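The structure appears below as structure tokens.
What follows draws every value from the coordinates through simple rules; no lab data is involved. Computed from a prediction, not measured in an experiment: that's the story for all the values here. We place every Cβ from the backbone using ideal geometry, glycine too, and count neighbours over all the protein chains shown.
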Amino acid sequence: MSVFGLKDLGTKIAITALGFSLIPLIALGVTMYSMFSSTYHSKVQANIATLAENKRQGIDLFLREQVSQLRTLAYSHTIEDLSSPETLENILTTMQLSSKTFIDLGLINEEGVHVSYSGPYNLSQANYKNETWFNQVMVRKIYVSDVFEGFRGFPHMIIAVTKQEKGRVWILRATIDSDIFDSLVRWLQLGDLGDAYLVNRAGELQTRPRFGNKSREIYASFLGGNFSGAKIKEFEDGNKKIFVGGIWLEEKDWLLVIEEDMRGELKPLFKTQAATWGVMGSGVAIIIIGTLMITRMIVSQQERTSRQQAQLNEELIQSSKMAALGKLAAGVAHEVNNPLAVIREKAGWMRDLLEEEDVKASPNFQEFEDAVNKIEQHVERAGNVVHRMLGFARRMEPVCNDLFINDVIKQTAAFLDNEVKFRNIEMVWKLAPDLPTIQSDASQIQQVILNLFNNAIDAIGRNGHITVTTGVDAASKMLSIVIRDDGPGMDKEVQGRIFDPFFTTKKVGEGTGLGLSISYSIISKLGGSIRFESEVGKGTEFTILLPVKHHE
Amino acid sequence: MSEKNGVQIVPVHAGPRVLVVDDEQDFVETLVKRLERRGFEVSGVGSGQEALLLLGKERFDVVILDVMMPGMDGIETLREIKLGWPKTQVILLSGHGGEEMGMRGMAYGAYSYLLKPVSLKIVVETAYMAFEESGLR
């Protein structure tokens, strides 16, 4: 499998794993958050509605009390008493002892003329005949005004009741301290930024809100028509988000507006949101890190496996190639050897005949003899090739003995002492002293090592080093023999073919191209393996691994 | 056949009687001529059956026998020879370098096993040794 394919696999695994873990996580987070959010929203809205309801009851109660107090006053005193400014003054003073709600009191006759007045303002001569509220009270008998400026030039509200006595209608009127009313409305705020105020049907403010000017838009939607109970909505103005609650009073055509800062109210929600995002974020981070780690592990495992697989395949291909070529070699050897034997005998017969006197006398005797010599020489050469081929093909059972591999190598190298000296090649020995003995075939191992030494010497030519290292391979627990030369090395093309039979880089007649294939099959039969590394310009290193015990 | 030529001259009466068996006619022909030149009494045949037939008529000390032959192969022929003429020594000759074949041959009582192409010198030496062996029995 190519590296690209593995990367692709890694991406696929990562995407799948991330998809299957992140999507549920995010869905869970979003669902939980939105459910919590909507629950919390409705809870907050219910709170505000309850608050608005309570407050409305309070305000209604207040207004009802003021009206009934005024009515009690009107009916418990005669018009005569009330007409006297002194009596009126007494009544107001008495009332103000307990509550300063009423600022002034006034009695007005049918013509709208102030009959008597008690209070801080000079309104004795005021005539209300043309005032709206005057007409209203005459019709409805009880009247609570909007806040207006009236004769005094500053906002106030009045309540008025009528009384019939001596066939005439009288009006008792009181002014309510708007500060007290304001504070009543504002009483019990929800949060730091909460607000409460009253507006009339026209949308005019009836009490002073806690904070500045109110935009009409905040409560405009509540003004359309009366409704029972509280209505809550969310209002957004620039960066300010608020809950707005509206409820109509029962006693008066006024709308109670309650504002609550959303941020204050929703603080726990925002905390939850932050926590949700935090947990989700770290969850996502952990999942991504975990996925990447697992993906990398899987990919590298896969890479290892496919590398091993490729190596195994290569070895398999190599050994089946060997087997096929072995059979072929055996067949060819037989077919070639018979004619070679005939040629040899014929040449031999010619040589026998050359011994005859008459032939010896021939002027071409020398030519004949040379030709016969050459024929025999080349039959010999061809015969050698075929015999080596047969050696390669032969299925010889190895003879196993206990061997000290270092001794085997040393003995083998001794064959080449002269050659090595002649070529000025230095042998570097790095033999591990405490190697276990192995059960193997000494002569076959010698054949392989001799072959590798020969190749190394041929590769170096003159002046170089051959390093021989033995040891125990840590991974496979096999004995290792490493033969390294500092010759010219091999290029990739040569590297791919060196174990192929009849492949040689040597001159015609010098190498058969069978050495390494035979070595390969010998080492395989002994249960070991042979591999090499080579770099052009640096040299070549062959490693033989042999099992300590020969497998049966 | 003169001594000057350096060819080994063997007295005819002591000369080993050799039978060459090979399906390769050219080989048999040449080997027969060359062995005769070296003092052997030699006959040549092209198959195992012919060899057994001839053995029935004449005495041979040594049989040089090709292993791979059509029809009756070398090993079969060897067994027949060893059954009928135990004193006759058999040298197996093969172009097929099967060690196993050689082993089998030796197990059935062959005197030696030679690989083609083999030099005549070795054939002659081996034949002499085999001849001496046959004399001892």
**Study point:** Span from the the stretch A:1-78 Cα centroid across to the the stretch A:446-506 one, whole angstrom
**Key:** 80 Å
Review point. Can you pull the Rg over Rh of the stretch A:398-546, Cα-only, Kirkwood?
Key: 0.94
Point to revise | Hz values of 3J(HN,Hα) by residue in the stretch B:126-131 - Karplus curve (6.51, -1.76, 1.60), Gly and Pro given as x | key: 5, 4, 4, 4, 5, 4
Point to revise | Between the stretch A:279-299 and the stretch A:132-183, the alpha-carbon center distance in angstrom | key: 76 Å
Check your understanding: If we sort B:20-29, A:222-231 on the protection proxy, mean other Cβ atoms within 10 Å, highest first, what's the order?
Key -> B:20-29, A:222-231
Check your understanding: A:Asn127 versus B:Ala107, label points 7 Å from Cα toward the beta carbon: distance in nm?
Key -> 15.6 nm
Study note, to complete from the structure: So, relative contact order of chain A in percent, Cα under 8 Å, 6 or more apart, is 10 percent
Check your understanding: Efficiency by 1/(1 + (r/R0)^6): what FRET value for A:Ile23 and A:Glu217, r their Cβ-Cβ distance, R0 = 51 Å, to the nearest 0.05?
Key -> 0.80
Practice item. Select from the stretch A:282-357 those GluC sites (Glu not before Pro) which occupy a DSSP coil region and have at most 13 other Cβ atoms within 10 Å, ordered by residue number. Key: A:Glu356
Point to revise | Sparse-neighbourhood loop sites, GluC sites (Glu not before Pro) in the stretch A:91-161 - DSSP loop, at most 14 other Cβ within 10 angstrom | key: A:Glu110, A:Glu111, A:Glu149
Study note, to complete from the structure: Relative contact order of the stretch A:84-131 (C-alpha contacts under 8 Å, at least 6 apart) in percent is 32 percent
Point to revise | Helix-only mean residue ellipticity at 222 nm for chain A, each DSSP H run of n ≥ 4 adding -39500 (n - 2.57), per residue, nearest 500 | key: -18000 deg cm²/dmol
Exercise for review: Using just the alpha carbons, could you tell me how many Å³ per residue the convex hull of the protein assembly as shown encloses?
Suggested key: 322 Å³
Check your understanding: By per-residue mean of other Cβ atoms within 10 Å, what is the highest-first order of B:58-69, A:64-75?
Key -> B:58-69, A:64-75
Exercise for review: Once you have a ≥ b ≥ c as the square roots of the Cα gyration tensor eigenvalues for the stretch B:81-130, tell me rounded if a/c is under 1.5, and otherwise prolate or oblate according to whether a/b is larger than b/c.
Suggested key: oblate
Study note, to complete from the structure: Rounded to two decimals, the Rg over Rh value of the stretch A:323-466 from Cα coordinates and the Kirkwood Rh reads 1.15
Exercise for review: With r as the distance between the Cβ atoms of A:Asn463 and B:Leu114 and R0 = 25 Å, compute the FRET efficiency 1/(1 + (r/R0)^6) and round to 0.05.
Suggested key: 0.05
Exercise for review: In whole Å, largest first, what are the principal axis extents of the Cα atoms in the stretch A:77-180?
Suggested key: 37, 28, 23
Review point. What is the extension gain from A:Glu426 to A:Glu234, computed as 0.36 nm multiplied by their sequence separation minus the C-alpha to C-alpha distance, in nm to one decimal?
Key: 59.6 nm
Review point. With labels modelled as points extended 7 Å from the Cα through the Cβ direction, what inter-label distance (nm, one decimal) is found for A:Ile294 paired with A:Val548?
Key: 4.1 nm
Practice item. Based on other C-beta atoms within 10 Å, arrange A:Thr470, A:Thr505 from fewest to most. Key: A:Thr505, A:Thr470
Check your understanding: A:Glu303 to A:Thr31: FRET efficiency via 1/(1 + (r/R0)^6), r the Cβ-Cβ distance, R0 51 Å, to the nearest 0.05?
Key -> 0.80
Check your understanding: Taking the Cα-to-Cβ direction at A:Tyr75 and at A:Ser443 and moving 7 Å from each Cα, how far apart do the two end points lie in nm?
Key -> 14.4 nm
Review point. With +1 on each Lys and Arg Cβ and -1 on each Asp and Glu Cβ, how big is the dipole of the protein assembly as shown about its Cα centre, in debye rounded to the nearest 20?
Key: 1940 debye
